[in-house]
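Every number here is computed from the coordinates shown, using simple stated rules; none is lab data. What you are looking at is a predicted structure, and each value in this text was computed from that prediction instead of being measured. Cβ: placed from backbone, ideal geometry, glycine included. Neighbour counts: every protein chain shown.
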């Protein structure tokens, strides 16, 4: 079985469409780790495009904020703008879709745990550093855990030596292949719609459970077109300018 593993689409339809085209015929089902909406200009379209595919999707913190399950005042001003704007234009059907997304870690195919933020705090914890990753290995039972939320692709490798910090692998190539063997891993495929690792290209992963391999891939999309649409809707400059630089 092959899975397209994505996270943090953030209403960036053009990036999402590009990822789907780039991964065409390479997967059988989509696993989405949450934050389908927020930040970008096409929340309805992204929900509807995802819904057209065989998929499993988790709730992210921006998905929760849009349906008023998180206090919008906990967000920075730019993120708050996007949440409030999104609430105004979302259809009832698509709001219902977001409301129905699971908010706890989900195990799939025995070996894999899926979660938006972290196994320990599924909606809001950022697994950015080995110290945080190390603590989270104790909070899932499978061999591998896929997380999103940070918008940065990374692989954390659990240490096999007691009381030793886990290792972190940061992909630096357009295609990074991670073999799934005896070591437990926490894997972040990066963000489709708003990368924050200094690389503006959309980031996603392909999991092959027959070969037990996971590939993190990068693909360019038309950033300028997305920025122009956001400007038309009077989005704050910070929200559209950052897309060019990947931060």
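Details
- Computed over the range 2-245, Cα set: Rg, Dmax in Å: 16.9, 54
- Ranked by the mean number of other Cβ atoms within 10 Å of their residues, highest first, the peptides 87-98, 146-157, 127-138 come out as 146-157, 127-138, 87-98.
- Beta bridges by DSSP in the range 2-245, antiparallel share as percent, to the nearest 5: 65 percent
- Length gained on full extension, residue 120 to residue 49: 22.6 nm, using 0.36 nm per residue less the C-alpha separation.
- Each Cα pair under 8 Å and six or more residues apart adds its sequence gap; the mean of these over the residue count of the chain is a relative contact order of 22 percent.
- For the range 97-170, convex hull volume per residue from C-alpha positions, Å³: 95 Å³
- Gap separating the Cα centres of the range 197-247 and the range 1-66, nearest whole Å: 12 Å
- Rough spin-label spacing in nm, given labels placed 7 Å along Cα→Cβ, for residue 219 and residue 247: 2.7 nm
- Extent of the range 142-247 along its three principal axes (Cα atoms, max minus min coordinate, largest first): 52, 32, 22 Å.
- Spin-label model, residue 93/residue 168: points 7 Å from Cα along the beta carbon direction are separated by 4.2 nm.
- Over all directions, the projected convex hull of the C-alpha atoms in the range 1-108 averages 6.6 nm² in area.
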